[in-house]
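A quick write-up on the structure given underneath.
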Amino acid sequence: MALSAPFMSPVSERIEKHFYPNARNHVEHRDTSNMEQLWRGLRINLRNIAYEFAITIPLLLLSFIPVVGIVFTVLAFIVQAYYAGFGNIDYTLERHFTYRDSVNFVKRHRGIAIGIGIVFMGGMLFIPIIGVILVLPFSVTAASRVTLEQMINEENLKLPDPHKTQINA
């Protein structure tokens, strides 16, 4: 997913402009180049893959235990879904937050990351051939929409007050 950052970030940005054209960042908007997006994507994905392996490998070994092994298999899937969701959410967060703030945002919203990751991984696994092509843009769309709503709820992204008169300068 790190290599798709230069392609999926514009998708996320267009979704943001479509649904929230007048939204303003509570934090300063971050303009990034394709190289910066690629570097950020690699950095986050390398961090995530290290954590994912550190958690998944023991779960994989524990999954060989008869009867209770199925629990560890499900836990491994959830861990992988979390990190897949994290990657999809970050396409939106990279425009608004620093690396550390993005990590903290996703930690606070683990359930959202897992939900997006389950859809992402389910589509990749259960839709033959075209799943690989369709799932990434769909999951980025869902992640962008949900992430922006969370940012608005947390007041990291402000919508204009419809009751105030706005002057376009």
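The values are calculated or read from the model by the stated rules, or taken from the named source; none is laboratory data. Note that the structure is a prediction, hence the values are computed from the model and not measured. Every residue, glycine among them, receives a Cβ derived from its backbone with ideal geometry; neighbour counts consider all protein chains shown.
If I filter the stretch 64-87 for residues that are surrounded by 15 or more Cβ atoms within 10 Å (Cβ to Cβ), within 21 Å of PHE7 (Cβ to Cβ) and in contact (Cβ under 8 Å) with a residue 60 or more places away in the chain, do I get at least one hit?
So far as the stretch 64-87 goes, yes, one or more of its residues are surrounded by 15 or more Cβ atoms within 10 Å (Cβ to Cβ), within 21 Å of PHE7 (Cβ to Cβ) and in contact (Cβ under 8 Å) with a residue 60 or more places away in the chain.
Only one residue in PHE86, PHE72 is assigned to a helix (DSSP H, G or I) and within 21 Å of GLU36 (Cα to Cα). Which one? Lay out the reasoning, then the answer.
Values: PHE72 fails: within 21 Å of GLU36 (Cα to Cα).
Unique residue meeting the criteria: PHE86.
Among the residues of the stretch 104-113, write down those that are under 17 Å from GLU52 (Cβ atoms) and surrounded by fewer than 17 Cβ atoms within 10 Å (Cβ to Cβ).
Taking the stretch 104-113 and keeping what is under 17 Å from GLU52 (Cβ atoms), we get 106-107, 110, 113.
Matches in the stretch 104-113: LYS107, ARG110.
Within the bounds of the stretch 160-169, is there any residue that is of a type in the set (A, V, I, L, M, F, W, C) and either assigned to a loop (DSSP other than H, G, I, E, B) or in contact (Cβ under 8 Å) with a residue 40 or more places away in the chain (or both)? Break it down into steps so the answer makes sense when it comes.
Initial filter on the stretch 160-169 (of a type in the set (A, V, I, L, M, F, W, C)): 167, 169.
So of that shortlist, the ones also either assigned to a loop (DSSP other than H, G, I, E, B) or in contact (Cβ under 8 Å) with a residue 40 or more places away in the chain (or both) come out as 167, 169.
Taking every residue of the stretch 160-169 in turn, at least one turns out to be of a type in the set (A, V, I, L, M, F, W, C) and either assigned to a loop (DSSP other than H, G, I, E, B) or in contact (Cβ under 8 Å) with a residue 40 or more places away in the chain (or both).
Do we have any residue at all in the stretch 76-88 that's among the polar types (S, T, N, Q) and either in contact with a Cys (Cβ under 7 Å, 6 or more places away or on another chain) or under 18 Å from ASN104 (Cβ atoms) (or both)?
For the stretch 76-88, residues among the polar types (S, T, N, Q) and either in contact with a Cys (Cβ under 7 Å, 6 or more places away or on another chain) or under 18 Å from ASN104 (Cβ atoms) (or both): present.
Name, by its number, the condition in (1) under 23 Å from VAL140 (Cβ atoms); (2) aromatic (Phe, Trp, Tyr); (3) not in a helix (DSSP H, G or I) that does not hold for PHE64.
(1)
For the stretch 140-169, which positions are among the acidic types (Asp, Glu) and either at pLDDT 70 or above or under 20 Å from ARG110 (Cα atoms) (or both)? If you could, list the steps in order and put the result at the bottom.
Within the stretch 140-169, the subset among the acidic types (Asp, Glu) is 149, 154-155, 161.
The answer is GLU149, GLU154, GLU155.
May I ask you to list the residues in the stretch 141-156 that are in contact (Cβ under 8 Å) with a residue 12 or more places away in the chain and within 19 Å of ILE114 (Cα to Cα)? Can you show your working first?
Let us first name the residues in the stretch 141-156 that are in contact (Cβ under 8 Å) with a residue 12 or more places away in the chain, namely 141-148, 150-152, 155-156.
Selection gives THR141, ALA142, ALA143, SER144, ARG145, VAL146, THR147, LEU148, GLN150, MET151.
Before we move on, is LYS158 among the basic types (Lys, Arg) and over 16 Å from the mean Cα position of the chain (by Cα)? Break it down into steps so the answer makes sense when it comes.
On the way: among the basic types (Lys, Arg): yes; over 16 Å from the mean Cα position of the chain (by Cα): yes.
Against the criterion (among the basic types (Lys, Arg) and over 16 Å from the mean Cα position of the chain (by Cα)), LYS158 qualifies.
Taking the stretch 7-39, which residues are touching a helix residue (DSSP H, G or I) at 6+ places or on another chain (Cβ under 7 Å), exposed (fewer than 14 other Cβ atoms within 10 Å of the Cβ) and either over 18 Å from ASN88 (Cβ atoms) or modelled with pLDDT under 70 (or both)?
Once the filter is applied, which keeps residues that are touching a helix residue (DSSP H, G or I) at 6+ places or on another chain (Cβ under 7 Å), exposed (fewer than 14 other Cβ atoms within 10 Å of the Cβ) and either over 18 Å from ASN88 (Cβ atoms) or modelled with pLDDT under 70 (or both), the stretch 7-39 yields only ASN34.
Does ARG43 meet the test of being at pLDDT below 90 and closer than 29 Å to MET8 by Cβ?
Details: at pLDDT below 90: yes; closer than 29 Å to MET8 by Cβ: yes.
Criteria met by ARG43.
Out of PHE126, PHE53, PHE97, PHE138, I need the residue that is out of contact with any Cys (no Cβ under 8 Å at 6 or more places or on another chain), under 20 Å from ARG14 (Cβ atoms) and either without any contact (Cβ under 8 Å) to a residue 24 or more places away in the chain or surrounded by fewer than 14 Cβ atoms within 10 Å (Cβ to Cβ) (or both). Which one? Step through it out loud before you land on a result.
Working: PHE126 fails: under 20 Å from ARG14 (Cβ atoms); PHE53 fails: under 20 Å from ARG14 (Cβ atoms); PHE97 fails: either without any contact (Cβ under 8 Å) to a residue 24 or more places away in the chain or surrounded by fewer than 14 Cβ atoms within 10 Å (Cβ to Cβ) (or both).
Just one listed residue meets the conditions, PHE138.
When you check ILE116 against the structure, is it surrounded by fewer than 20 Cβ atoms within 10 Å (Cβ to Cβ) and of a type in the set (Val, Ile, Thr), yes or no?
Numbers: surrounded by fewer than 20 Cβ atoms within 10 Å (Cβ to Cβ): no; of a type in the set (Val, Ile, Thr): yes.
It is false that ILE116 is surrounded by fewer than 20 Cβ atoms within 10 Å (Cβ to Cβ) and of a type in the set (Val, Ile, Thr).
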